[in-house]
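The values are calculated or read from the model by the stated rules, or taken from the named source; none is laboratory data. Treat the numbers as computed from the prediction; the structure is a model and nothing was measured. With ideal geometry, Cβ positions are generated from the backbone for all residues, glycine too; neighbour counts draw on all protein chains shown. Heads up: the accessible areas ignore ligands, DNA and RNA and are worked out on the full protein's heavy atoms, side chains in. Shrake-Rupley method; radii C 1.70, N 1.55, O 1.52, S 1.80 Å.
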Amino acid sequence: MPTKSISNTFDVSRRDLVKFAGAGFASAAVASIASSPAIAQSGAGWDKTFPKSDRVDHQKVTFTNRYGIRLSADLYLPANRGNARLPALAVSGPFGAVKEQSSGLYAQTLAERGFVALAFDPSFVGESGGGTHAVASPDINTEDFSAAVDFLGLHTSVDRERIGLMAVCGLSGMALNAAAVDKRVKAVAVASMYDMSRVMARGYYDALTPEARAEMLDTISRQRWEDADEVTPAFAGGLPETLDGIDDPVVTMYWNYYKTDRGFHPRSLNSTTGWTITNPMSFMNMPMMTYIKEIAPRPVLLIAGENAHSRYFSEDAFKAAAEPKELMIIPGVDHVALYDNLDVIPFDKLQSFFEQNLSA
């Protein structure tokens, strides 16, 4: 089939696609603090960006979602669990990250505190299946959380009546969406929340004009012909290889996690290629927060950095949710500090929240 290149067409829209389809870049004034991130340690078979805990038993596992996609996960169990059936958490995020990064750190740390925790790669990302990688789906990635609940509820160390969800950044919207529809979930907490359907459909701070939205959708739609005529789809591009000439504080913030020893992982889209150009398409007309009130009467905890460019997502989700709900703002920190900064991630709060709401 003959094709016409659109690489020199719709240049403004293509730059926007890099923003909305990538790690979530935006021009915003963001203060940061000196971080104390979890740093990886070397070891045979250990491929995480954080040290392995000797207080936790780790297993690599797989399970299948309702669409037949096999998901890859790391299961963390308290080493001193005995024969008790424990509360459990399904953990994922950020958007474009893998389980060896932030979600794995959250899962392992919460397992140290008495929970069975499952950190999983969502469909189409990392070691999980789904055919074409580097794409996402508001529906399928919501289903991934419910499939994780399926897995946990069948595990011999888990009390299936005490399962919660924990998500970071862009998978937070899917976790909230899953909690609303899946009544087996007893509590949900999110950190540095993004509503990916909102940011892709409306732009940051809802600043995308109808004209720009139509132009973006035209670019994405036409790109489908090019992708259909090629072996692999075109990528929007990820973070720059260096910070030379970069003055955007948010790009710098993401780069300092995904492109350095602090958080780089070869399977992470945010560390490597970024998403496909067509990735935003399904998000742009499928809002995920429509039924957030239906999480109630089960509790919601939203955690955000005071200086995070994404803070408004958490604040607006808090306003939209019904009681019981809580918004926790961490003073002086930015968005990415809540990925791995052990000095500021409120694990004591997360432990008490889930202990209270996943009680026997």
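Of note:
- Filter result (open to solvent by less than 40 Å² (accessible area, probe 1.4 Å) and of a type in the set (S, T, Y)) within region 334-353: Y339
- Filtered by the rule that a residue be within 21 Å of G203 (Cβ to Cβ), open to solvent by less than 40 Å² (accessible area, probe 1.4 Å), over 19 Å from the mean Cα position of the chain (by Cα) and not β-branched (V, I, T), region 216-239 gives M216, Q223.
- If you go through region 223-271 and keep only what is over 27 Å from S192 (Cβ atoms) and among the hydrophobic types (A, V, I, L, M, F, W, C), you end up with W225, A228, V231, A234.
- Residue satisfying condition, being in contact with a strand residue (DSSP E or B) (Cβ under 9 Å, 6 or more places away or on another chain), under 23 Å from Y257 (Cβ atoms) and surrounded by fewer than 23 Cβ atoms within 10 Å (Cβ to Cβ), within set P331, P324: P331
- Flag for Q356 being assigned to a helix (DSSP H, G or I), touching a residue at least 24 places away in the same chain (Cβ under 8 Å) and open to solvent by 20 Å² or more (accessible area, probe 1.4 Å): no
- Pick from region 249-279, criterion within 15 Å of the chain's Cα centre (by Cα) and of a type in the set (A, V, I, L, M, F, W, C), ranking: farthest from E226 (Cα to Cα): L269
- T242 meets the conditions (1) open to solvent by 40 Å² or more (accessible area, probe 1.4 Å); (2) of a type in the set (S, T, N, Q); (3) in a loop (DSSP other than H, G, I, E, B); (4) in contact (Cβ under 8 Å) with a residue 40 or more places away in the chain in every case but one. The failed one is (4).
- Among the residues of region 181-214, those identified as of a type in the set (V, I, T), closer than 30 Å to Q356 by Cα and not in a helix (DSSP H, G or I) are V185, V188, V190.
- Residues that are open to solvent by less than 10 Å² (accessible area, probe 1.4 Å) and not hydroxyl-bearing (S, T, Y) within region 79-94 comprise A88, L89, A90, V91, G93, P94, listed in sequence order.
- Counting the residues of region 219-278 that are of a type in the set (G, A, S) and farther than 28 Å from K48 by Cα gives 4.
- Screening the candidates F25, F63, F50 for the property of being assigned to a loop (DSSP other than H, G, I, E, B), at pLDDT 70 or above and open to solvent by less than 30 Å² (accessible area, probe 1.4 Å) yields one hit, F50.
- Residue ID - nearest to S72 (Cα to Cα), chosen from residues in region 252-276 that are in contact (Cβ under 8 Å) with a residue 40 or more places away in the chain and in contact with a Pro (Cβ under 7 Å, 6 or more places away or on another chain): T276
- The set of residues in region 314-353 being assigned to a loop (DSSP other than H, G, I, E, B) and either more than 21 Å from Y254 (Cβ to Cβ) or of a type in the set (A, V, I, L, M) (or both) consists of A321, A322, E323, P324, P331, V333, V336, L342, V344, I345, P346.
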